[in-house]
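S.K.: Below you will find the structure I want to go over with you.
Please treat every number below as a calculation from the coordinates, not as lab data. Bear in mind that the values here come from a model prediction, so they are computed numbers and not experimental data. When we count neighbours, we look across all protein chains shown, and the Cβ atoms used for this are built from the backbone with ideal geometry, even at glycine.
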Amino acid sequence: MLLIRTILVAGLAVLAAGSCETFVQSAEPETTGTAIRQGPRPLKGGSHGVGRLIPDASLTDLLGDTHHLSQLALNHQLLVIAMTSTSCPLSQKYLPTLVELSQAASGDVAWLIVNPIATDKTDAMHTAAKRFDDNVIYAHDSNGEFSARIGALTTTDVIVLDRSRTVVYHGAIDDQYGFGYSTESPRNRYLANALKAYADGRSPLITATEAPGCTLVRPSREESPNKLTYHSRISRIVQQNCVGCHRDEGVAPFALTSFEEVQAHAAMIEQVVARDLMPPWFAADAEATDSDALSPWTNDCSLADIDKHDLLTWLAGPMDEGDVHDAPLPLTFSSEWQIGPPDVVFEFAEPQVVKASGVMPYKYVTVATDLSEDKWVQAIEIQPGNRSVVHHVLVFVQGGDQDHSERDGFWGIYVPGNSSLIYPDGFAKRLPKQAKLRFQMHYTPNGTATTDQTRIGLVFAKVPTQHEVRVAGIFNDKINIPAGADNHQEVADLRIPADARVMGLLPHMHLRGKAARYEVIQSDASTTLLNVPRYDFNWQLLYRYRDPLLLKQGDIIRFTAWYDNSDQNPANPDPTKSVGWGPQTYDEMQVGYVEYYLPGVAPVELGGERTLPSLREGRVSRTAAFFRRLDVNQDGVITKAEVQERLPDNPRASGPIFDRLDEDHNGELTQAELTKL
């Protein structure tokens, strides 16, 4: 299959202002009540108790021996507390799975099986307990106090604690059984995956789910025995949400790894958390109604509602330190590479000079790879030589059939808090032989003149690559933002030339960028993919899908950007000037990056002829996009009234310009006539 040629039609100096078109949604069947079938629904960890300290509690097993949570947790890397019942049908189905998991687990994992149903028969419980190995504890919580104390919700619930009694997983065993269904085997092995992740020294992709089973009495927050102190609660919130950046050798300007450090910065923490500036996450889902629901974005770092409430409550109060023995285990960070030992490292040949104060335009640094053959790259990590002055880095590949710039798609990326791209087995990016890596460096002077020598490490794929990861840029290089405009809109479209699965989205603008939105247009319907109502140039975030989104050939991805070029924008270099496309921060850009792969299409052999279609080839001409913007009723022609509606601040557009383009003088413009503009 030959590459589709990119079609670029001469565009317009100004794209339409105003809101996007409204599309008729397809009819949905009427439903009443809740769904009959119910399986585990992934949840946001913080809203489901993940990261909380479980208070010490004791429980007597079926043999009469008493066990304390504190001792069980302290003596093992992980403690699995699995709820069960001999009378609950779902618990009965999951008993063999629990037996199998406990037998397969390492000796570093302790297992506590808890039956919280008062009326379950003793003989039946003894029979169930005998199916486990002798090292597994089976206990009857006949009054339910222990189960309520640890926050168990159903008879299939599982809570995993680390050595400091911090919840690291809370949810279902897997999704093989649920209300109204059973399957031959599970599709998602939540508990097994969580245990393996922690054994490998990493966090699981899913830390919390619902666990369909017989419902237990849910303890209220008011009955929680934990006092809100730094060591029992706040340290865990800060550790899970802040310390990744706010630590020694981290990218943040100060550490938050101790009570004294958090207390010293309390006022600033309160301000940025209350304003939703920290943790830095700017995606918004206008249709979201359940704050407990798991985000579709795998790197969503926003605070759970309960975590935000508790943090702000503690900051507003006396800020009690509490008992140091309640503190969580300290986090450890690799001083070298997050991606593991790289197969190759490329570094700037010469240090780059960073001045002491003011602002700096982007610097571009080119590094030769001198590779003798093409390579599949499964992991990429960028390490600034001087993190205190490197704000973000975009890396583009030049060489072979790739000659990318900002408008085409990044190859590597570094933003505060995220320096690596790691793909699962079978997914990789291609690096042509003899390619050059072009680094776009955004330096932020910090008061002291210094230098930086950034490097990039690559891990080559060790298994055959099934999917080539690519990035396309939806761009509009004819943007024209009027002086003083405080909400100027620009639109760019990309028509999908082949079925594709979108892995991530990254909106890119400069200092006047205000908001951004991705939509997919399918037939007569429009669906929002990503809405960023408060765009911040200081955080070039890649929003990564948890499950890549399938788009079909012919679908259109629309990227809309809004700009504030007024004097009310304190970052605006000059509100008296109109702004167009340009590479520096005082210029502007409109680029909507799309990370994707083509399902069912095998990559060609390295060194072979490139035959994969690219999303870059599907860009809709600016004329076509502009025509759709002006054609309010979508009837295929544009009238003066429609131009007046779309461009109310440009009377010449519906006057002499319209008349000049209307060659047949019938009061309507076709797309062919508009193209002559």
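S.K.: Give me the compactness ratio for the chain, meaning the Cα radius of gyration over 2.2 N^0.38 Å. Can you show the working numbers first?
M.R.: On the way: Rg = 28.4 Å, N = 677, 2.2 N^0.38 = 26.2 Å.
Here the answer is 1.08, to two decimals.
S.K.: Let me ask you something else. Roughly what would the spin-label model give for residue 130 and residue 227, points 7 Å off Cα along C-beta, in nm?
M.R.: In this crude spin-label approximation the distance works out to 4.9 nm.
S.K.: Can you give the translational diffusion coefficient of region 54-223 in µm²/s, computed by Stokes-Einstein from the Kirkwood radius over Cα pairs at 20 °C and 1.002 mPa s? Intermediate values should be presented prior to the final figure.
M.R.: Numbers: Rh = 15.9 Å.
Using the Kirkwood radius from Cα pairs, D works out to 134 µm²/s.
S.K.: Right, another one. Using only helices, what value at 222 nm comes out for the chain when you add -39,500 (n - 2.57) per DSSP H run of length 4 or more and divide by the total residues, to the nearest 500 deg cm²/dmol? List each step's numbers first, then the result.
M.R.: Values: 13 runs with 107 residues, N = 677.
Result for the chain: -4500 deg cm²/dmol, rounded to the nearest 500.
S.K.: Name the long-range amide H neighbours of residue 591: under 5 Å, sequence gap of 5 or more, or other chain; modelled H, no Pro or chain starts.
M.R.: So residue 591 has HN proximity to 508.
S.K.: I would also like to ask the following. Tell me the trypsin sites (Lys or Arg not before Pro) within region 427-486 that lie in a loop according to DSSP and have at most 11 other beta-carbon atoms within 10 Å. Write out the running numbers ahead of the final one.
M.R.: On the way: sites: 429, 430, 433, 436, 438, 455, 462, 470, 478; in loops: 433, 462, 478.
For trypsin sites (Lys or Arg not before Pro) across region 427-486 that sit outside H, G, I, E and B with at most 11 neighbouring Cβ atoms in 10 Å, the list reads 462.
S.K.: Near residue 75, within a Cβ-to-Cβ distance under 13 Å, what is the net charge of the other residues, with Lys and Arg +1 and Asp and Glu -1?
M.R.: Details: positive: 163, 165; negative: 108, 162.
Spelling it out: positives minus negatives among the neighbours equals 0.
S.K.: What is the gain in length, in nm to one decimal, between residue 258 and residue 486 on full extension, counting 0.36 nm per residue of separation less the C-alpha to C-alpha distance? Mind showing how you got there, number by number?
M.R.: Details: separation 228, 0.36 × 228 = 82.08 nm, distance 4.22 nm.
Contour length minus Cα-Cα distance gives 77.9 nm.
S.K.: With θ set to phi - 60°, apply the Karplus curve 6.51 cos²θ - 1.76 cosθ + 1.60 along region 549-555 and write out the HN-Hα couplings as whole Hz, x wherever there is a Gly or Pro.
M.R.: Ordered by residue, 3J(HN,Hα) equals 8, 7, 10, 9, 4, x, 4 Hz.
S.K.: When N is the residue count of region 529-584, what does its C-alpha Rg come to as a fraction of 2.2 N^0.38 Å?
M.R.: On the way: Rg = 15.8 Å, N = 56, 2.2 N^0.38 = 10.2 Å.
Its radius of gyration relative to the 2.2 N^0.38 Å reference: 1.55.
S.K.: Separate question: Listed highest first by mean packing, meaning other Cβ atoms within 10 Å per residue, what order do 174-180, 582-588 come in? Write down the numbers at each step before the final one.
M.R.: Details: 174-180: 18.3, 582-588: 16.1.
Descending mean neighbour count gives 174-180, 582-588.
S.K.: Could I have the simple spin-label model distance between residue 179 and residue 277, label points 7 Å from Cα toward Cβ, reported in nm to one decimal?
M.R.: For the pair residue 179/residue 277, the computed spacing is 4.4 nm.
S.K.: In vacuum, with every alpha carbon of region 230-326 counted as one equal point scatterer, what does the Debye formula give for log10 I(q)/I(0) at q = 0.11, 0.20 Å⁻¹? Two decimals, please.
M.R.: Relative scattering, expressed as log10 I(q)/I(0), comes to -0.34, -1.05.
S.K.: Oh, and also: Once phi is turned into ³J(HN,Hα) by the Karplus curve 6.51 cos²θ - 1.76 cosθ + 1.60 with θ = phi - 60°, what whole-Hz value does each residue of region 447-461 show in order, with x for glycine and proline?
M.R.: Along region 447-461, the couplings run x, 10, 4, 7, 9, 9, 9, 6, 9, 9, x, 10, 10, 7, 5 Hz.
S.K.: Based on Cα positions only, what radius of gyration and what Dmax would you give for region 479-550, in angstroms?
M.R.: 14.0, 41
S.K.: Please sort 542-550, 143-151 by packing, taking for each peptide the average over its residues of neighbouring beta carbons within 10 angstrom, highest first. Please list the in-between numbers first.
M.R.: On the way: 542-550: 16.4, 143-151: 18.9.
Put in order of decreasing packing, that is 143-151, 542-550.
S.K.: Moving to a separate point now. If R0 is 25 Å, what FRET efficiency do you get for residue 434 and residue 364 from their C-beta distance, rounded to 0.05? Display every interim value, and only then the final one.
M.R.: On the way: r = 19 Å, r/R0 = 0.77.
It comes to 0.85.
S.K.: So for the pair residue 63, residue 527, with labels modelled 7 Å out along Cα→Cβ, what separation do we get in nm?
M.R.: Those two pseudo-labels are separated by 5.4 nm.
S.K.: If one computes P(r) from the Cα atoms of region 470-624, what percent of pairs lie at distances over 22 Å?
M.R.: Numbers: 5153 of 11935 pairs.
Tail fraction, whole percent: 43.
S.K.: Across 5 Å bins from 0, what is the distribution of all Cα-Cα pair distances for region 339-402, in whole percents?
M.R.: Whole-percent P(r) values from 0 Å outward: 3, 10, 23, 24, 19, 11, 7, 3, 1.
S.K.: If you don't mind, another one. Excluding same-chain residues fewer than 8 positions from residue 44, which lysines have a Cα within less than 26 Å of its Cα?
M.R.: 196, 227, 308
S.K.: Still on this structure: How many angstrom lie between the Cα centre of region 348-367 and the Cα centre of region 65-113?
M.R.: Each part's Cα centre sits 55 Å from the other's.
S.K.: I'd like the antiparallel share, as a percent to the nearest 5, of DSSP beta bridges with both residues in the chain. Before the final figure, lay out each step's value.
M.R.: Working: 106 of 120 bridges.
The answer is about 90 percent antiparallel.
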